[in-house]
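The structure appears below as structure tokens.
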Amino acid sequence: MAEARTIGLILAGGLARRMGGGDKTLKPLAGRPILAHVVDRLRGQCDDLLLNANGDPARLAAFGLPVVADGLPDFAGPLAGILAGLDWLTAHRPQTDWLLSVAADTPFIPGDLTVRLHQARTAAGMSLACAASGGRQHHAIGLWPAALREDLRRALAAGERRLGRWTQAQGVAVAEWPAEPIDPFFNVNTPEDLDEAERLLAGMA
């Protein structure tokens with residue numbers, strides 16, 4: 001468990017265009033939904049879990065997690081999902097200061113994600129932290145303090161949609177993981193990616 005109380009937010013609010021639309025996170029991977037793999041990898045790392053998804057939440061009821069939709073219309077991107085998560089955190093867990101966001105299509109999330117992100121932001125003296133692998137930063141996989149909620153709301157109201165640009169403007173610490181033998185932040189965007197994830201999981205068995 002992370003040193004600081006942390007709620008995990010799984011971002012599943014996208015349109016999945018490269019997968020042909022629909023809920024790509026419900027597609028089977030090794031006989032279970034992709035989302036189930038993400039949930040399993042986060043459960044021991046956070047005090048509670050939350051889903052960000054748009055549309056009918058009943059389709060996700062089997063996971064037994066609260067579901068929050070974007071507060072902005074037209075699929076405004078991950079920043080809108082993160083704001084929805086921060087609003088839920090403030091309303092339902094006011095004693096918890098941190099939100100950990102991950103993408104719902106990343107089935108290989110590392111078991112030390114939350115702890116290492118907290119270590120990175122503490123060491124750097126910054127409010128935000130994000131993950132990186134193979135020299136590439138993954139801004140959707142990061143820590144968000146409840147204290148920045150209204151700043152994020154104002155940025156979205158002003159038209160900001162680029163997650164990386166906003167986090168860089170705030171100052172963001174980075175924790176890096178090796179990308180070999182498996183990139184822990186491999187994400188399933190296409191049918192070919194799903195095939196590759198199946199192959200990688202088979203190799204881990």
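Do we have L200 as more than 19 Å from the chain's Cα centre (by Cα) and either surrounded by 14 or more Cβ atoms within 10 Å (Cβ to Cβ) or aromatic (F, W, Y) (or both) here?
So L200 fits the description; yes.
Looking at (1) under 25 Å from D195 (Cα atoms); (2) aliphatic (A, V, I, L, M); (3) more than 13 Å from the chain's Cα centre (by Cα), which is the only condition L35 fails?
Status for L35: all satisfied but (3).
Does any residue of segment 86-100 turn out to be closer than 30 Å to R199 by Cα, surrounded by 24 or more Cβ atoms within 10 Å (Cβ to Cβ) and either modelled with pLDDT of 95 or more or out of contact with any Lys or Arg (no Cβ under 7 Å at 6 or more places or on another chain) (or both)?
Just the residues of segment 86-100 that are closer than 30 Å to R199 by Cα, to begin with: 100.
Of the ones still in play, those that are also surrounded by 24 or more Cβ atoms within 10 Å (Cβ to Cβ) are 100.
Cutting the leftovers down to either modelled with pLDDT of 95 or more or out of contact with any Lys or Arg (no Cβ under 7 Å at 6 or more places or on another chain) (or both) gives us 100.
Yes: segment 86-100 contains one or more residues that are closer than 30 Å to R199 by Cα, surrounded by 24 or more Cβ atoms within 10 Å (Cβ to Cβ) and either modelled with pLDDT of 95 or more or out of contact with any Lys or Arg (no Cβ under 7 Å at 6 or more places or on another chain) (or both).
Are any residues in segment 73-99 free of Cβ contacts under 8 Å to residues at least 12 places away in the same chain and either in contact with a Phe, Trp or Tyr (Cβ under 6 Å, 6 or more places away or on another chain) or not charged (D, E, K, R) (or both), and if so, which ones?
P73, A91, P94
In the list G111, G164, G159, G171, which residue meets the criterion of being of a type outside the set (A, V, I, L, M, F, W, C), on the phi > 0 side of the Ramachandran plot and touching a residue at least 24 places away in the same chain (Cβ under 8 Å)?
Answer to the check: G171.
The values are calculated or read from the model by the stated rules, or taken from the named source; none is laboratory data. For clarity, every value in this text was computed on a predicted model and none was experimentally measured. With ideal geometry, Cβ positions are generated from the backbone for all residues, glycine too; neighbour counts draw on all protein chains shown.
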